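Here, each number is a calculation from the coordinates, and none is a lab measurement. This is a predicted model, so every value here is computed, not measured. Note: ideal-geometry Cβ built from the backbone for every residue, glycine included; neighbour counts use all protein chains shown.
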Amino acid sequence: MKYEHLYVVIEHEQGKPVPVSLEMLGEARRLMDGYNKKYSANEKVVAVVLGNNVRKLAEELIYHGADAVIYSDSPEFEYSRNVIDTKVISAIATSRELALKFSPESTDFVKPRYMFFSADNIGRQLSSTVIGALDSGLASDINKLVIEDLEIRHEHKTKGQPMIYERTLEMYRPDFSGFLWTTILCLDNRNPAIQRDYHPQACSIIPAVFAPIERDTSRKGIVVDHVPTFDPKDLQVKIISRKIVKSNVDFDSKKAVVSFGRGIKDAPADNIELVVDLAKEINAEVGVSLPISKKPFPVSESTSSTYMNSDRVVGTSGRKVVPLLYIAVGISGAMHHLAGMKESEFVIAINPDEEANIKDESDIFIKGRMEDVIPILIEELRALKPIMEVRK
Ligand SMILES: Cc1cc2nc3c(=O)[nH]c(=O)nc-3n(C[C@H](O)[C@H](O)[C@H](O)COP(=O)(O)OP(=O)(O)OC[C@H]3O[C@@H](n4cnc5c(N)ncnc54)[C@H](O)[C@@H]3O)c2cc1C
């Protein structure tokens, strides 16, 4: 077959996989187990790793669900650089020679059937450049995947005729602030006038949506070595030094996080002050929803730079937090936000809208406006303080 297997592009920091890589492998495993059963096939989950001396990671990925790992090793891969990463991954994805090493029956292999990237800063860019180079289509920010045979009738793709598209990857993404689903299909043009294949069917996957499978050291697989070649002009961009800027925002050691969203809109400056007061009362860090980091409301320069910034964003575009207590104030609960906080031990939401998604994620939902609720909470907390002190 021309198109076979599911390739997963792995991201890592010096050999340590970023969590979404293992999540993608887990979902790939589940999908391909179902696929192989349904179609009596033997297609593989193939992890693709570029790195500098990280062969151990390649072996580890088999324990996390890969049937095969294509490992390309070079000092040039110490840190990710889009131009060379794109060229090498595209070369790997179109190599029949490599495919034959883990799947001897892949004699007609041209490209992967499916391909996954992570929807983080590196993966979002890399997915678009690799899939551009592979001449296919990309669905970005996906959080649900299904493989189905579909009957499609389309003015251009099928010239208006109903046709069966087998083994189609239905890629779901949350749109309109995460409250509607869009299903994206990457379909070949079967209309003779514009005939053209679109493979791999590819997507980038939102972090923290899928569960990794449990590490199992009895799983068997094969590591295939790839020797990369570089065009000297592609090596002109060099990383001279790389500094990880430590954030002043401390989501890790604080036991509680109080986050606020666009619900502050009626009196932004006063409402941020309320949230900060509540956070101080319980020694919590302050988080925000993504729109807040875009500074949507006028407040003082110092409030804006301290609180309306990307360091504080909770969710797929920001940080994942796992505190004992998460308080969501004026946040609707879009899935991009939920992905960053849903593993919190105990969740309280303050919101006047009972229909808000955040309600389903909450252990306690306080129906009300923050302007009314937070002062009462602070008052109660202050009243409890002497009792708590005595108990200490
Ligand atoms: C690719 C992509 C990535 C994204 N990544 C992230 C991410 O990492 N993190 C993130 O947060 N978002 C992310 N988003 C945006 C996300 O989809 C939502 O648009 C966003 O989370 C909504 O923010 P919000 O809850 O603050 O605002 P809204 O959805 O506008 O909700 C405001 C809430 O405030 C409530 N409210 C109104 N008045 C009051 C009041 N007086 N008191 C209390 N509550 C009140 C309303 O009932 C409402 O529920 C992303 C979107 C995309 C497309």
> One-quarter of the Cα convex hull surface for segment 256-391, in nm²?
Replying inline: 7.8 nm²
> Can you give the extra length, in nm with one decimal, that the chain gains between ASN248 and LEU100 once fully stretched, where that is 0.36 nm per residue apart less the Cα-Cα distance?
Replying inline: 48.3 nm
> Taking the Cβ-Cβ separation of ASP231 and ASP135 as r and a Förster radius of 25 Å, what is the calculated FRET efficiency to the nearest 0.05?
Replying inline: 0.80
> If you place +1 on the Cβ of every Lys and Arg, -1 on the Cβ of every Asp and Glu, and leave all else neutral, what size is the dipole of the chain about its Cα centre, to the nearest 20 Debye?
Replying inline: 640 debye
>> Taking 27 Å as the cut-off for C-alpha to C-alpha distance, list the pairs among LYS265/LYS385; LYS238/LYS342; LYS246/LYS294; LYS254/LYS295; LYS16/LYS220 that go past it.
In response: LYS265/LYS385; LYS238/LYS342
> Any idea what log10 I(q)/I(0) is at q = 0.10, 0.12, 0.15 Å⁻¹ for the chain, Debye with uniform C-alpha scatterers and no solvent?
Replying inline: -0.76, -0.99, -1.27
>> Show me, for segment 87-102, the HN-Hα J-couplings you get by feeding each phi into the Karplus relation (A = 6.51, B = -1.76, C = 1.60, θ = phi - 60°), rounded to Hz, glycine and proline as x.
In response: 5, 5, 5, 5, 5, 5, 5, 10, 9, 5, 4, 5, 4, 5, 6, 10
> What distance in nm separates the simple spin-label points at ALA91 and ASP353, each placed 7 Å from Cα in the Cβ direction?
Replying inline: 5.1 nm
>> Testing the spin-label approximation: label points 7 Å from Cα along Cα→Cβ at GLU155 and LYS220. State their distance in nm.
In response: 5.4 nm
> Expressed in nm to one decimal, what extension gain is obtained for the pair GLN195 and LEU180 from 0.36 nm per residue of sequence separation less their Cα-Cα distance?
Replying inline: 2.2 nm
> Binning every alpha carbon pair distance of segment 111-253 at 5 Å from zero, what are the percents per bin?
Replying inline: 2, 7, 11, 14, 16, 16, 12, 10, 6, 3, 2, 1, 0
> Given R₀ = 51 Å, FRET efficiency for ALA269-TYR172 by Cβ-Cβ distance, to 0.05?
Replying inline: 0.85
> Once amide H atoms are built 1.01 Å from N in the peptide plane, which residues 5 or more positions from VAL110, or in another chain, come under 5 Å H to H?
Replying inline: TYR3, GLU4
>> Between SER310 and ILE240, what's the calculated FRET efficiency when r is the beta-carbon distance and R0 is 30 Å? Round to 0.05.
In response: 0.75
>> Exposed loop sites here are chymotrypsin sites (Phe, Trp or Tyr not before Pro) in DSSP loop states with at most 16 other C-beta atoms within 10 Å. What is the longest stretch of the chain lacking them?
In response: 231-392
> Rounded to the nearest 500 deg cm²/dmol, what is the calculated helix-only ellipticity per residue at 222 nm for the chain, with -39500 (n - 2.57) per DSSP H run of length n ≥ 4?
Replying inline: -9000 deg cm²/dmol
> Relative to the present Cα-Cα distance, how much length would full extension add between LYS385 and ARG81 at 0.36 nm per residue of separation?
Replying inline: 104.2 nm
